[in-house]
Amino acid sequence: QIESQVSSQEDHESLIDSALNKKTTKNDARRRYVFDLYRFHKLFSRHPQFTNPFIENNKPVTYSPAETDIFTEFANDADQMLALAEFMIRQENYKEAIAILHSLEKAYNTNGEYWQKRGFCNQKLGDWQQALSCYDKADVIQSNSKWTLAHLGIAAINCQAYEKALEAYSQLIEMDPDSTKYINRKVECLISLSRYEDALPLLQKSHYLNDGDKQVKQYLALTYAILGKADEALALYYPI
């Protein structure tokens, strides 16, 4: 069908020529090899007689270039390894992703997005202290990133580092003054630090912006009560 799709004999010949002379790249060979291997262990009639490298103890096996010798050449390509780590994150394989990201620290030490990804993996694995450390580095390299500050704030709260969280949410509120999410997080930090006088105006603003939020009403009523404003506290408590 090529002849009907090209305008001249010259174009036709160049198309044929480029198709015949196309060299197989290493990526093509790797992909083809893995596909064939996978098909063999799924479709070959006697495949149960062979050990399936994709399954171990009835669970899928993940091969990481950071740990497997046969991928040494691949592991030396930092950009491809970072792309693989990003793929692992999208697949929610955070343990494998963080192993790869650790191996790339020397290459991406001054890259803010690298520390964001590493912090996110630590966060998903429940290592809040390491996540906070990574988000701190990301913030130094790439300041005023809403994504970094929001995640830094969450990590700091989970580490009970309320002053650090307070600083992050203060910056976020400067960027987005009417975000009740950021206001409420800052209030949470202030209350944890027993700074009720500072929390009160923020709670009043949050209540004004979203008067249907029952939790905000409870926090506001509690703050009024602690500050000795009994009438205001009761006015909120009765409807609740």
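Tabulated results
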| item | result |
| --- | --- |
| 10 Å binning of all Cα-Cα separations within the stretch 22-100, expressed as whole percents from 0 upward | 16, 40, 35, 9, 0 |
| Potential extension, Tyr238-Leu15 segment - 0.36 nm per residue separation minus Cα distance | 72.2 nm |
| Computed FRET value (nearest 0.05) for Arg90 with Leu43, which takes r as the C-beta separation and R₀ as 30 Å | 0.65 |
| Inter-label distance for Cys159 and Ala29, nm, one decimal - labels placed 7 Å from Cα along Cα-to-Cβ | 4.6 nm |
| Kirkwood Rh and Cα Rg combined as Rg/Rh, the chain | 1.22 |
| Asp79 paired with His102, simple spin-label distance in nm, labels 7 Å along Cα-to-beta-carbon | 2.7 nm |
| Theoretical ellipticity at 222 nm over the chain - DSSP helices of four or more residues, -39500 (n - 2.57) apiece, nearest 500 | -21000 deg cm²/dmol |
| At q = 0.11, 0.18 Å⁻¹, base-10 log of I(q)/I(0) for the stretch 68-158 (Debye sum, equal scatterers on each alpha carbon) | -0.29, -0.75 |
| Cα pair distances in the stretch 134-238, grouped into 5 Å bins until the bin that holds the longest one, percent each | 2, 13, 23, 20, 17, 11, 7, 3, 2, 0 |
| Choice from Asp17, Asp176, Asp28 with maximal GNM fluctuation in the chain (Cα, 10 Å cutoff) | Asp17 |
| Heavy-atom surface of the chain, accessible at 1.4 Å and reported per residue (Å²) | 65 Å² |
| Taking the chain and dividing mean pair separation by its residue count, relative contact order in percent (alpha carbons under 8 Å, at least six apart) | 7 percent |
| Accessible surface of the chain, 1.4 Å probe, proportion on carbon and sulfur as whole % | 49 percent |
| All Cα pairs of the stretch 109-196, percent lying beyond 22 Å | 23 percent |
| On Cα atoms only, tilt of 78-90 relative to the major axis of the chain in degrees | 60 degrees |
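The values are calculated or read from the model by the stated rules, or taken from the named source; none is laboratory data. As the structure is a computational prediction, the values presented were derived from the model and not from experiment. Cβ atoms come from the backbone with ideal geometry, glycine included; neighbour counts cover every protein chain shown. With ligands, DNA and RNA removed, areas are computed over all heavy atoms of the protein, side chains included. Shrake-Rupley method; radii C 1.70, N 1.55, O 1.52, S 1.80 Å.
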